[in-house]
Amino acid sequence: MKSTVFLNSKKLNFDNNIDFSKLNSFTKITQYDTSAESEILERVKGQNIVVTKELPLSGELIAKFPSSVELICEAGTGYNNIDIKAARDKNISVCNVPGYSTDAVAQLVIAFILNLSSSLSKQQVMLKQNNFDNFSKDLQVPHFEINGKTLGVIGAGAIGQRVIKTALSLGMKILVHNRSVKAIDNVEFVSLDELLEKSDFVTLHCALTEDTKYLIDSNKLKLMKSSAFIINTARGAMIKETDLIEALKSKEIAGAALDVQYPEPPAFDNPLFCMDNVILTPHIGCKCVESRQRLIDLLGENIESFIDNKAINVVNFDI
């Protein structure tokens, strides 16, 4: 039986509500709540499969992995924390788990859109400050229907398409920017610049790569409407945060909803925490208990398929 080590399972199973029994049926698994970089080499000794959750594995570290290691599994979709070329050079496969949080992340995006359109967060802050003007005077905050508004979706993978489907049901118009045109009904594929210029809401759903890092910077933000909002549930580094802060301060755009930042966690003196036109959440899009259990079940399928010489979701042997 192949041996598996999960180097930081607490990152995923922080509430001890996740069932790992599916994995135990075909691999001997050892779990550590967390692993410091200095502990990793000792913990992967004699292991065939290494599982991590958003844990940095540098090329220098992977180069020192023992020959027993055949597979590194990222317990999630994004694998930018793993030097996949270094793994390939060691003949170690790297796989990820796409699609496990599609419903949860799409749900969060729609929640952000509805919240922003109704200024719900801003209204709650006013009440906590004993400001009752929205009751005693005319409405003091923006409040508008999303029916007929334009949603710009950057990246038309599984999550992007689920967002599109839900937004269409709410009567929104959809613009899409993607590396390739896909067969999706009732949407228009456009350039990134056109999407930014025409959208009332912009939502990011592409992988973080060298090409997409700081995809949204000051020049791109200047293209957006002053009434538009940007939403990021993908990876924080897709937006250049210093440029976003300036755009928000100067009212170049109306607001932002960010479930991801760069770095994570953000510094507690980050200006975004104090802005009333910003919603921040601590990377919760993938943390529903249903999503996390689905992740473990799909991770099990990755490992079992690899053991059966039918590897799936391998990301580092076609680069």
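Worth a mention:
- The residue of the range 114-170 that is farthest from I216 (Cα to Cα), among those that are among the basic types (K, R) and at pLDDT 95 or above, is K165.
- Qualifying position, being surrounded by fewer than 21 Cβ atoms within 10 Å (Cβ to Cβ) and either among the acidic types (D, E) or within 19 Å of the chain's Cα centre (by Cα) (or both), among L244, L272: L272
- Residue that is in the same structural domain as G300 (by the TED database), open to solvent by less than 20 Å² (accessible area, probe 1.4 Å) and part of a strand (DSSP E or B), where the choices are V176, V94, V153: V94
- Yes/no for A237 being on the phi < 0 side of the Ramachandran plot, assigned to a strand (DSSP E or B) and either touching a Phe, Trp or Tyr at 6+ places or on another chain (Cβ under 6 Å) or surrounded by fewer than 16 Cβ atoms within 10 Å (Cβ to Cβ) (or both): no
- Residues in the range 21-49 that are surrounded by 12 or more Cβ atoms within 10 Å (Cβ to Cβ) and without any contact (Cβ under 8 Å) to a residue 12 or more places away in the chain were compared, and the one that is farthest from Q293 (Cα to Cα) is E39.
- Count of residues meeting criterion [in a strand (DSSP E or B) and among the aliphatic types (A, V, I, L, M)] in the range 184-225: 3
- Any hit, the range 70-78, residues being touching a Ser or Thr at 6+ places or on another chain (Cβ under 9 Å) and either of a type in the set (F, W, Y) or over 17 Å from K53 (Cα atoms) (or both): yes
- Look at the range 65-82: where a residue is among the acidic types (D, E) and a partner is part of a loop (DSSP other than H, G, I, E, B), sitting 6+ places away or on another chain with Cβ atoms under 6 Å, you get E70/N48; E74/N96.
- For the range 117-135, a tally of residues being assigned to a helix (DSSP H, G or I) and either outside the structural domain of C274 (by the TED database) or farther than 21 Å from A257 by Cβ (or both) returns 2.
- Of the strands (runs of 3 or more DSSP E) contained entirely in the range 1-84, those carrying at least 3 residues that are within 27 Å of the chain's Cα centre (by Cα), within 26 Å of P263 (Cβ to Cβ) and among the β-branched types (V, I, T) fall at 49-52.
Residue-by-condition table, conditions (1) in contact (Cβ under 8 Å) with a residue 40 or more places away in the chain; (2) open to solvent by 60 Å² or more (accessible area, probe 1.4 Å):
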{"site": "A86", "(1), (2)": "no, no"}
{"site": "T102", "(1), (2)": "yes, no"}
{"site": "S136", "(1), (2)": "no, yes"}
{"site": "P142", "(1), (2)": "yes, yes"}
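- Enumeration of residues in the range 199-222 that are surrounded by fewer than 18 Cβ atoms within 10 Å (Cβ to Cβ) and modelled with pLDDT of 95 or more: K213, Y214, D217, S218, N219, K222
The values are calculated or read from the model by the stated rules, or taken from the named source; none is laboratory data. Because the structure is a prediction, the values reported are computed rather than measured. A quick note on method: Cβ atoms are made from the backbone with ideal geometry, for glycine too, and the neighbour counts reach across all protein chains shown. These area figures cover heavy atoms from the full protein model, side chains too; ligands, DNA and RNA do not enter into them. Shrake-Rupley method; radii C 1.70, N 1.55, O 1.52, S 1.80 Å.
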